[in-house]
1. Go through the range 19-33 and report how many residues are closer than 17 Å to Val138 by Cα and open to solvent by less than 90 Å² (accessible area, probe 1.4 Å).
2. When you check Gly149 against the structure, is it in contact with a Ser or Thr (Cβ under 8 Å, 6 or more places away or on another chain) and not hydrophobic (A, V, I, L, M, F, W, C), yes or no?
3. Within the set of pairs 6+ apart or on separate chains, which have a first residue in the range 86-105 that is within 20 Å of Arg197 (Cα to Cα), a second that is of a type in the set (Val, Ile, Thr) and near the ligand (Cβ under 9 Å from one of its atoms), and C-beta atoms under 8 Å apart?
4. Could we say that Ser147 is away from the ligand (no atom under 14 Å from the Cβ), touching a residue at least 24 places away in the same chain (Cβ under 8 Å), small (Gly, Ala, Ser) and within 16 Å of Ala39 (Cα to Cα) here?
5. So the check is Cβ under 9 Å with 6+ separation or different chains; which pairs have a first residue in the range 55-70 that's within 19 Å of Arg29 (Cβ to Cβ) and a second one that's in a helix (DSSP H, G or I) and within 14 Å of the ligand (Cβ to nearest atom)?
6. Somewhere in the range 71-86, is a residue assigned to a helix (DSSP H, G or I), farther than 15 Å from Phe157 by Cβ and within 14 Å of the ligand (Cβ to nearest atom)?
7. Have a look at Trp131, Trp154 and point out the one that is near the ligand (Cβ under 10 Å from one of its atoms), open to solvent by 20 Å² or more (accessible area, probe 1.4 Å), in contact with a helix residue (DSSP H, G or I) (Cβ under 8 Å, 6 or more places away or on another chain) and closer than 25 Å to Arg70 by Cβ.
8. Name the pairs whose Cβ atoms lie under 8 Å apart, with the first residue in the range 113-136 and free of Cβ contacts under 8 Å to residues at least 60 places away in the same chain, the second assigned to a loop (DSSP other than H, G, I, E, B) and surrounded by 13 or more Cβ atoms within 10 Å (Cβ to Cβ), and 6 or more positions between them or separate chains?
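The values are calculated or read from the model by the stated rules, or taken from the named source; none is laboratory data. Note that this is a predicted model, so its numbers are computed, not measured. In this analysis, Cβ positions are derived from the backbone assuming ideal geometry, glycine residues included, and neighbour counts consider all displayed protein chains. The accessibility values were calculated without ligands, DNA or RNA, using every heavy atom of the protein model including side chains. Shrake-Rupley method; radii C 1.70, N 1.55, O 1.52, S 1.80 Å.
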Amino acid sequence: MLLELTPDELLTTTRAVRKRLDLTRPVEREVLEECLALAQQAPTGSYKQDWHFVVVTDPGLRAGLAELWRQGGEKYLSRAGKPEEIPGIMGRVLDSVFHLVDHLHQVPVHVIPCIEGRTEGKSVFAQASRWGSIMPAVWSFMLAARSRGLGSVWTSFHLAHEREAAELLGIPYDEVMQAALIPVAYTIGTDFKPATRAPLESMVHWDHW
Ligand SMILES: Cc1cc2nc3c(=O)[nH]c(=O)nc-3n(C[C@H](O)[C@H](O)[C@H](O)COP(=O)(O)O)c2cc1C
């Protein structure tokens with residue numbers, strides 16, 4: 001079922017959802033396939049869509065990925081301090097990240113978008129072309145998910161252990177890069193607000209930087 005959202009509402013309310021993921025409600029395979037079919041329409045920098053989506057629903061595999069994610073996040077999170085002592089948005093985001101550390105294994109679906117080729121040691125041109133070829137598809141997937149009442153969040157922590165994740169899932173590490181781990185679940189409530197952003201003029205440059 002589609003939520004009643006205008007295109008602008010969809011674009012402004014597809015948020016990083018961690019605490020409001022419904023861990024008890026299964027996600028139908030057909031709904032995920034609809035979102036993935038929409039993602040397939042995204043652009044790539046190559047003549048073919050050399051991306052892959054590994055959709056993980058097996059509880060043992062999700063537990064394995066959640067452990068790699070926790071380990072990957074540890075370094076960042078140990079430096080970050082206690083959420084309750086950090087004022088404002090940063091404290092709230094951190095609190096939400098800690099929540100996901102505790103619950104990622106329970107999130108019913110983990111989606112791992114992958115792209116063929118590895119960019120280690122390559123030029124910025126080559127890197128930008130590779131990563132730029134998978135990112136639009138992932139964001140389309142997340143928008144399509146939101147329009148169906150699903151929440152998601154782009155995460156990268158598990159990539160600190162990309163090789164172990166590749167072994168766990170049978171991904172051919174030498175030929176394929178993982179871009180992210182996207183937890184997906186129905187959201188608890190469907191009302192989300194646009195985020196506060198810096199004034200446009202602080203980041204837009206007309207004609208000259
Ligand atoms: C490239 C990238 C990597 C991210 N990695 C993580 C991550 O490892 N763990 C996490 O909890 N969130 C991760 N996030 C989510 C950001 O923290 C999130 O976008 C931020 O909370 C801002 O949310 P907002 O867009 O709703 O304001 C990542 C987002 C991006 C775009």
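1. 2
2. yes
3. Ile89/Thr196
4. Against the criterion (away from the ligand (no atom under 14 Å from the Cβ), touching a residue at least 24 places away in the same chain (Cβ under 8 Å), small (Gly, Ala, Ser) and within 16 Å of Ala39 (Cα to Cα)), Ser147 qualifies.
5. As it stands, the answer is Val56/Leu65; Arg62/Leu104; Leu65/Leu104; Leu65/His158; Leu65/Ala165, since those pairs meet every condition given.
6. Yes, some residue in the range 71-86 is assigned to a helix (DSSP H, G or I), farther than 15 Å from Phe157 by Cβ and within 14 Å of the ligand (Cβ to nearest atom).
7. Selected residue: Trp154, the only one of Trp131, Trp154 that is near the ligand (Cβ under 10 Å from one of its atoms), open to solvent by 20 Å² or more (accessible area, probe 1.4 Å), in contact with a helix residue (DSSP H, G or I) (Cβ under 8 Å, 6 or more places away or on another chain) and closer than 25 Å to Arg70 by Cβ.
8. Ala126/Thr119; Gln127/Thr119; Trp131/Thr119; Trp131/Ala179; Met135/Ala179
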